[in-house]
Structures are given as C-alpha cells and as structure tokens.
Amino acid sequence: MSRLVKFLKAPWHFMLRLRRDPNARFWFLISLATAGYVLFIVAMLVATAVHSTPGDLLSALQSREIQHSIYLSLLTCSLTALLSLLTAVPIGYLLARRKFFGKALVESILDIPIVLPPMVIGLCLLILFQTRMGGFVDSVIPFTYTVFGVVLAQFVIGVAFAIRTMRGTFDQLSQRPEDVAMTLGCSRGGALWRVTLPAAGKGMVAAASVAWARSLGEFGPVLVFAGATRMKTEVLPTTVWLELSVGNLEGAIGVSLLMVFFAMIVLVAMRMAGERW
Amino acid sequence: MIKLENVSWKVDQFALAGVNCSIPEGKYAVLMGATGCGKTTVLEIICGLRQPDGGTVLVADVDVTRMLPGERQIGYVPQDGALFPTMTVAEQIGFGLQVRREGKERIVEVVSRLAEDLGVAHLLERTIHGLSGGERQRVALGRALAIEPRVLLLDEPISALDEDMRDDMMALLKRVQVKHAITVLHVTHSSQEAEQLADCVLRMEDGSIINRELQG
C-alpha cells in the first residue's frame with residue numbers, strides 16, 4: 001500500500017523538485033529535447049514498419065529483381081568496405097603521423113566527397129571516364145554502367161568517411177611504442193604492422209562499418225554512373241526508387257525495412273567490436 | 001661508450017648546435033636540464049629516431065650516425081614506458097628477440113630470467129592495462145634489456161612514479177647497470193636522481209651540453 005502511495009506521489013515530488021532546483025530544471029529541459037528527437041526517429045521507423053502487413057512485405061521481397069538487388073548490395077558494399085579500409089589505413093596513418101607541405105590542401109581535397117552533392121560525384125565520375133585516360137581504363141575494366149561502377153561510385157564516398165575514422169584512430173595512438181619497436185629491430189612498416197595496427201582494431205572495424213553503411217544507402221552516384229538496370233546494376237536504394245516510381249509501395253517499404261535491418265546489424269556489430277577491443 | 005661529436009639538429013625555432021659529449025664505457029651518466037631544452041631530442045638522435053643535420057654519433061667506438069635504429073643495439077626506455085597496447089608483459093619483453101627471429105626456447109628463457117630480475121615474473125601473462133607506473137617502467141626496462149644492448153637510454157624513468165617507489169626504482173636501475181655492465185644515459189631534471197645514480201653528470205643549456213662533471 002505504502003509503495004502504491006509512493007508511486008502515486010512521485011509525479012508530485014518531481015514537480016516540486018523542478019520548481020525548487022534549477023539544476024534539475026536544466027537537465028529536465030535537455031532530456032526533453034533528447035527524448036523528442038529520439039521519439040521522432042522511432043516514430044518514423046515504426047510508422048514505416050506498421051504501414052503494411054508482414055505478409056505483403058515478405059511477398060514483395062520474393063520478387064527475383066529485389067532478391068538480386070539484395071545480393072548485389074551486400075556484395076558491392078562488402079567490397080567497397082574492404083577497398084575503403086585498404087585505402088584509409090595508409091592515408092589516415094600519413095595524415096596522423098607526418099607534417100608536410102600542402103597537408104591542409106590534401107586534407108581539404110580528401111573531404112570533398114563528403115561535402116559534394118552525391119549526384120554531382122556520379123556526374124564527375126561519368127565525365128572522368130569520358131576522357132582519354134578514363135576511356136582507356138574503361139576499356140580494360142569496364143566501369144560505366146557495370147557492377148564495377150557501382151563499387152567505384154560507393155567507394156568514392158565510403159572511403160572519405162573511412163579516412164576520417166582511421167585518421168582519428170591513429171591520432172589517438174601514440175607514436176612512442178612504434179619508436180621503441182624500431183629501436184628493437186623493426187622497420188617503420190614493421191612497427192606499424194606489429195604494434196599500431198593491432199591496437200587500431202576497433203578503429204578499423206569502425207572505418208569498414210561506416211564505409212559499408214554509407215555504401216548501402218548510396219543512391220545518386222550509383223544511379224548516374226552505374227545506371228539502374230534491373231538484374232544488373234540495381235542496388236537497394238535504386239530498388240526503393242524504382243518500386244516507388246511504378247507505385248509498388250509495399251516493395252519500396254519492404255526494401256527500406258531491410259535496409260534499416262542491415263543498418264541496425266552494423267550498429268550492433270560496431271558496439272560489440274568496441275567492447276571487445 | 002657513447003660519444004657525440006658536433007651534433008646539430010634544427011626544426012622550426014628549436015635547435016641543437018654543436019653538441020659534444022662523451023660517456024665512458026660502463027658508466028652511469030645523468031643528463032640534466034630544464035624542461036624543453038632538448039634532452040629527449042639528444043636521446044632520440046643517439047638511438048636513431050631522429051637524423052642529426054650534422055655531426056657524428058659513436059656507440060662503442062662504432063659510427064652509428066647513418067645506421068637504422070634497430071641496427072644500433074641500443075635499449076631505449078621512453079618517458080611513460082610506451083608499452084605496446086595489445087601485448088602481454090611476456091610478449092613485450094620478448095618482442096625484440098622475436099623481431100630478430102630468435103628461437104622460442106631462447107625467448108622464453110630470456111623473458112623469464114629478466115622478469116625474475118626485475119620483479120615482474122608474476123605479471124607475465126597480463127596485458128598492460130591496470131599495471132602501476134612502477135610495473136610499467138620495469139616491463140619497459142626488461143623489453144629494452146632483452147636485446148642485450150650496448151647502451152641503455154632512459155628518458156625520465158622515475159619522474160612519473162610515486163614518492164615511495166622512487167628509491168626502489170633507483171636501486172633497481174643501479175643494480176641492472178652493474179649486473180649487465182652497460183653504459184647508461186639517464187635523462188632527468190631531478191638532482192636527487194643525479195646524486196644517487198650518476199657516475200657522471202651532464203648539463204644541457206641553450207641547445208648544447210656545456211658542462212661535464214665526473215664523480216668518483
């Protein structure tokens with residue numbers, strides 16, 4: 001009984017505390033703003049999830065085109081994440097460890113894909129491959145309107161985020177242990193490989209994950225540079241757009257929820273990796 | 001023996017000009033000077049982590065100026081120990097031998113002997129997280145000694161330790177130097193450390209080593 005009374009009185013006590021304690025008011029207002037934004041995100045996802053029945057969504061996902069797009073998205077995003085990591089590790093290491101002439105300019109150039117409108121990146125890629133050099137590369141490995149093009153379009157943006165992550169990781173790892181490893185017989189590369197990279201494991205998982213997640217949602221550059229040919233260069237964001245444009249809302253929602261699911265997996269994987277290292 | 005002849009080094013506003021000094025074989029030298037006067041830079045030049053603009057570095061009568069850090073056979077213990085973040089204590093101590101592709105049995109033998117000597121045998125399987133300042137320094141010292149260096153460079157190995165651990169560490173450093181009959185260059189700004197440990201004291205001022213006192 002007394003617990004029930006206590007429970008009923010709790011809001012009253014809370015209001016009293018808010019009136020008397022300015023510190024509590026401050027944290028209450030901040031918490032209110034946070035709760036509002038969190039609710040907004042959850043509301044978007046829940047509204048999308050409950051818009052159609054699970055049966056409708058499952059049957060939409062059984063379409064051959066959509067299944068191919070799921071397969072292609074998973075394949076290209078994984079390739080992009082791997083390539084982004086391989087590129088981001090040396091660049092992030094250079095930026096974290098060395099001062100050199102023009103470093104600020106190089107850093108700005110590396111950030112261009114982050115600030116440029118994605119559609120423009122696709123257009124720039126398309127035009128690059130119209131030049132003589134681009135044409136030659138295209139004749140050896142066909143990029144325009146192919147799966148390789150999907151990977152390249154995703155890579156341009158994914159790698160920019162991976163570089164930022166790796167640079168931050170190497171910034172936080174002291175150079176001193178590498179120096180000691182060199183006095184013990186390692187080359188600079190050996191010290192990086194044996195001492196710093198094992199310590200950068202969490203950062204590498206984060207860099208690959210962020211590249212993977214960015215690539216999964218990349219639409220503009222893929223559409224412009226690789227096209228939206230069904231069963232060929234169609235990835236999940238393209239599917240959402242194609243399904244919406246033919247009025248198949250169930251298909252678009254089903255694919256969107258699938259992308260939300262993949263994004264959640266990446267989030268959880270990153271958290272788990274963070275705890276492991 | 002460690003000998004610097006006219007060593008100079010400059011970056012931005014900071015410069016070392018014509019540094020000369022000589023530390024006799026098997027002596028314990030203490031290099032003193034104000035914070036930021038270039039003591040650590042001198043150590044880094046000796047162990048090869050920085051290339052001097054001019055001058056010569058001799059270790060045991062061998063000109064090592066152009067040698068890679070790993071070829072100089074120098075044990076280096078930086079200020080905070082700079083232990084490897086993901087390795088166990090045993091892996092840290094055996095690291096130099098592993099890089100040199102020594103056999104497993106020899107690595108195990110050296111690691112356990114050094115760990116016993118330095119009082120860290122009970123920590124061998126632990127990672128570095130949770131080690132005290134003194135334990136970290138002992139592990140870093142073991143890691144440097146494992147390659148049987150010709151000289152040992154210590155960058156303020158005691159300054160970060162608690163008051164009551166300092167005497168222990170000083171006694172340990174002196175014991176290690178005598179046991180391994182090794183030339184030591186120990187950087188500090190504590191005159192107490194210099195008094196207790198030094199066979200010779202070097203003072204650094206205005207980018208050069210200007211005074212040298214031999215004790216005993």
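Checking A:R64, A:R98 one by one, the residue that is surrounded by fewer than 14 Cβ atoms within 10 Å (Cβ to Cβ) and within 30 Å of A:G189 (Cβ to Cβ) is A:R98 and no other.
Of the strands (runs of 3 or more DSSP E) lying entirely inside region B:28-110, the ones with 1 or more residues being more than 24 Å from B:A194 (Cβ to Cβ) are found at B:54-59. Of the residues in region B:148-170, not one is within 22 Å of B:V111 (Cα to Cα), in contact with a helix residue (DSSP H, G or I) (Cβ under 9 Å, 6 or more places away or on another chain) and among the small types (G, A, S).
Determine whether A:I141 is under 17 Å from the mean Cα position of the chain (by Cα), among the β-branched types (V, I, T) and at pLDDT below 95. Please lay out each step first, then the result.
Details: under 17 Å from the mean Cα position of the chain (by Cα): no; among the β-branched types (V, I, T): yes; at pLDDT below 95: yes.
In short, no.
In region B:119-157, the qualifying residues are those that are among the basic types (K, R) and more than 16 Å from B:P78 (Cβ to Cβ), and the one that is modelled with the lowest pLDDT is B:R150.
Taking region A:177-189 only, how many residues are surrounded by fewer than 17 Cβ atoms within 10 Å (Cβ to Cβ) and either assigned to a helix (DSSP H, G or I) or touching a Phe, Trp or Tyr at 6+ places or on another chain (Cβ under 8 Å) (or both)?
Filtering region A:177-189 down to residues surrounded by fewer than 17 Cβ atoms within 10 Å (Cβ to Cβ) leaves A:187-189.
Remaining after also requiring either assigned to a helix (DSSP H, G or I) or touching a Phe, Trp or Tyr at 6+ places or on another chain (Cβ under 8 Å) (or both): A:188-189.
Within region A:177-189, residues that are surrounded by fewer than 17 Cβ atoms within 10 Å (Cβ to Cβ) and either assigned to a helix (DSSP H, G or I) or touching a Phe, Trp or Tyr at 6+ places or on another chain (Cβ under 8 Å) (or both) number 2.
Residue-wise test of (1) more than 8 Å from chain B (Cβ to nearest Cβ); (2) of a type in the set (D, E).
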| residue | (1), (2) |
| --- | --- |
| A:V159 | yes, no |
| A:L173 | no, no |
| A:D179 | no, yes |
| A:T183 | no, no |
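Pairs linking a residue in region B:175-193 that is free of Cβ contacts under 8 Å to residues at least 12 places away in the same chain to a residue that is surrounded by 12 or more Cβ atoms within 10 Å (Cβ to Cβ) and part of a strand (DSSP E or B), with Cβ atoms under 9 Å and 6 or more positions apart or on different chains, are B:V178/B:Y28. Would you mind stating whether A:S108 is surrounded by 14 or more Cβ atoms within 10 Å (Cβ to Cβ), polar (S, T, N, Q), in a helix (DSSP H, G or I) and in the same structural domain as A:F170 (by TED's automatic domain parsing)? The answer is no for A:S108.
Within region A:190-247, if we keep just the residues that are under 28 Å from A:V268 (Cβ atoms), part of a loop (DSSP other than H, G, I, E, B) and out of contact with any Pro (no Cβ under 7 Å at 6 or more places or on another chain), the residue that is farthest from the other protein chains (Cβ to nearest Cβ) turns out to be A:E234.
Does region A:113-123 contain at least one residue that is within 23 Å of the chain's Cα centre (by Cα) and outside any helix (DSSP H, G or I)?
Kept after step one, since they are within 23 Å of the chain's Cα centre (by Cα), are these residues of region A:113-123: A:113-123.
Filter once more, so that each one left must be outside any helix (DSSP H, G or I): A:116-117.
Yes, that holds for at least one residue.
Close Cβ contacts (under 6 Å, 6 or more residues apart or on different chains) running from residues in region B:130-159 that are free of Cβ contacts under 8 Å to residues at least 60 places away in the same chain to residues that are hydroxyl-bearing (S, T, Y) and in a helix (DSSP H, G or I) are absent.
Where helices (runs of 4 or more DSSP H) fall entirely within region A:1-69, none has at least 3 residues that are of a type outside the set (G, A, S) and in contact with a Cys (Cβ under 8 Å, 6 or more places away or on another chain).
Only residues that are assigned to a strand (DSSP E or B) and farther than 11 Å from B:S208 by Cα were counted across region B:5-27, and they come to 6. So is A:L79 in a helix (DSSP H, G or I) and buried (at least 19 other Cβ atoms within 10 Å of the Cβ) or not? No; evaluated as a whole, the condition is false for this residue. Set side by side, the residues B:E156, B:E105, B:E71 differ, and just one is touching a strand residue (DSSP E or B) at 6+ places or on another chain (Cβ under 9 Å) and either within 14 Å of another protein chain (Cβ to nearest Cβ) or surrounded by fewer than 16 Cβ atoms within 10 Å (Cβ to Cβ) (or both), which is B:E156. B:V64 meets each of the listed conditions (1) free of Cβ contacts under 8 Å to residues at least 24 places away in the same chain; (2) within 13 Å of chain A (Cβ to nearest Cβ); (3) surrounded by fewer than 20 Cβ atoms within 10 Å (Cβ to Cβ); (4) more than 21 Å from A:S174 (Cβ to Cβ) apart from (3).
Could you tell me which residue of region B:115-142 is surrounded by the most Cβ atoms within 10 Å (Cβ to Cβ), considering only residues that are within 14 Å of another protein chain (Cβ to nearest Cβ) and touching a Gly at 6+ places or on another chain (Cβ under 9 Å)? Of everything passing the filter in region B:115-142, B:V139 is surrounded by the most Cβ atoms within 10 Å (Cβ to Cβ).
Can you find a residue in region A:121-144 that is hydroxyl-bearing (S, T, Y) and surrounded by 15 or more Cβ atoms within 10 Å (Cβ to Cβ)? Yes; the residues of region A:121-144 include at least one that is hydroxyl-bearing (S, T, Y) and surrounded by 15 or more Cβ atoms within 10 Å (Cβ to Cβ).
The values are calculated or read from the model by the stated rules, or taken from the named source; none is laboratory data. Predicted, not measured: the structure shown is a model, and the values here were computed from it. Virtual Cβ from ideal backbone geometry, glycine too; neighbours counted across all protein chains shown.
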